[in-house]
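What follows draws every value from the coordinates through simple rules; no lab data is involved. Everything numeric in this text was worked out from a predicted model, so none of it was measured. Quick reminder, even Gly has a Cβ in these numbers, built from the backbone with ideal geometry, and neighbours come from all protein chains shown.
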Amino acid sequence: MVRLTLRPRASRLTVADGTGRPVTGLAFGPMGVRVEADKVPGVYLLDYVPPGVRLLIRARTRFVPVCRVVRSDADLEVKLENGQAVTVDIALPSLQPSDAFRLTFTGIDGADCPVPFAEFDPVLLGAADGVARYYLPQFPRSGNVSAGTEERHQRVIVQDGMAVIRMR
């Protein structure tokens with residue numbers, strides 16, 4: 001006889017800003033992931049999120065989005081960084097501005113998996129000669145961020161609110 005014991009998952013996600021204040025009103029991905037807010041501000045229940053899921057965490061304003069891998073029966077603590085507005089010129093391998101949406105960013109403080117370009121709420125400002133210019137309202141302030149695709153990554157340097165990413 002085999003005995004099977006089922007127990008509910010009881011993991012929690014605690015999200016705070018850099019000063020330790022709880023962050024509420026978050027959006028989560030990927031689509032279909034069910035994360036519920038707890039009664040305590042800044043605490044979210046991960047009971048329905050299976051281990052191994054890359055959980056995208058995004059505040060509605062001012063904070064840099066992060067990605068965290070959900071561990072089995074382990075609580076997660078995330079500190080969200082205040083972002084900065086930047087304009088990014090992306091040199092693309094084709095003339096399609098939508099190619100920028102293949103990009104992911106790594107090295108973001110508080111993240112342990114890549115964050116897709118789309119999570120930064122990019123606004124296309126224009127495109128010409130194989131370069132697409134986007135406005136990103138909440139980009140990381142730290143200098144260890146890299147951008148890339150599966151084939152290639154490069155460090156992103158922001159100077160005076162401007163960055164250039166060459167994916168050619």
Hey, rough spin-label estimate for Asp75 and Asp89, points 7 angstrom out along Cα→Cβ, what's it come to in nanometres? 4.8 nm
Contour minus Cα-Cα distance for Glu150 and Thr19 (0.36 nm per residue): 43.7 nm
Of Asp129, Asp99, Asp75, which has the largest mean-square fluctuation in a 10 Å C-alpha GNM of the chain? Asp129
Using Cα springs under 10 Å in a Gaussian network model of the chain, which residue among Pro116, Pro140, Pro97 shows the largest mean-square fluctuation? Pro97
In square nanometres and to one decimal, what's the mean projected area of the convex hull around the Cα atoms of the chain? 12.0 nm²
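Can you give me the convex hull volume of the Cα atoms of region 84-166, divided per residue and expressed in Å³? Write down the numbers at each step before the final one.
On the way: hull volume 6.9 nm³, N = 83.
For region 84-166, the hull spanned by Cα atoms encloses 83 Å³ per residue.
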